[in-house]
Amino acid sequence: MKKHMENHMMTQHVTGETYQCGTCGSNFADKKLLQKHEGTHLEKFAHDMFPCHLCPLTFVRRQGLQQHVGVAHENQRNHPCPLCDHRLTTSTDLKRHVATIHPTNTDFVHSCGKCEYQTNSKRYLAQHVKRHGIENRRHECYFCGKKFIRFAHLVSHSCRVHTLEK
């Protein structure tokens with residue numbers, strides 16, 4: 001468990017000199033971690049791949065593909081909030097929703113410096129702040145030109161707005 005935490009800290013909370021993966025752009029504080037990570041890209045090509053028949057994404061595991069199709073294309077939301085009518089795609093999202101939207105502590109701890117947005121979640125604030133920077137929006141809608149940070153958000157937008165799927 002300690003080793004997992006050390007690896008997490010070395011890859012997710014990188015400060016100072018970093019080593020960048022040439023394939024996906026992830027940063028690592030340690031060159032050996034980068035080399036180990038780069039091997040995962042090679043492993044993906046050695047395994048059977050599972051392409052999504054509805055979009056360009058490809059998955060290493062069939063379970064990943066099934067989860068992607070359910071969430072991104074079939075809009076499955078099998079985790080209802082016990083406190084409101086909101087339904088979420090994963091149990092992790094549900095826990096985060098309850099902690100953020102229905103907190104026991106009602107004081108907002110994190111605030112956006114560019115607008116009035118406030119939240120109890122540091123992660124939600126970080127996601128929100130990214131939306132202010134248009135340079136972070138790489139995925140452009142073919143139909144209307146709207147740009148998105150994540151490909152999944154583009155797919156969801158396209159299905160909801162342009163194909164009228166719910």
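Where a number appears in this text, it was derived from the coordinates with a stated rule and is not lab data. Fair warning: this is a prediction, and the values are worked out from it, not measured in the lab. Heads up, the Cβs are rebuilt from the backbone with ideal geometry, glycines too, and the neighbour counts pull from every protein chain shown.
Note: relative contact order over region 62-129, using C-alpha pairs below 8 Å and six or more positions apart, is 17 percent.
Listed from fewest to most Cβ neighbours within 10 Å, the set Asp30, Asp48 follows the order Asp48, Asp30. Beyond 28 Å in Cα-Cα separation lie the following of the pairs Lys114/Lys146; Lys114/Lys147; Lys122/Lys147; Lys31/Lys147: Lys31/Lys147.
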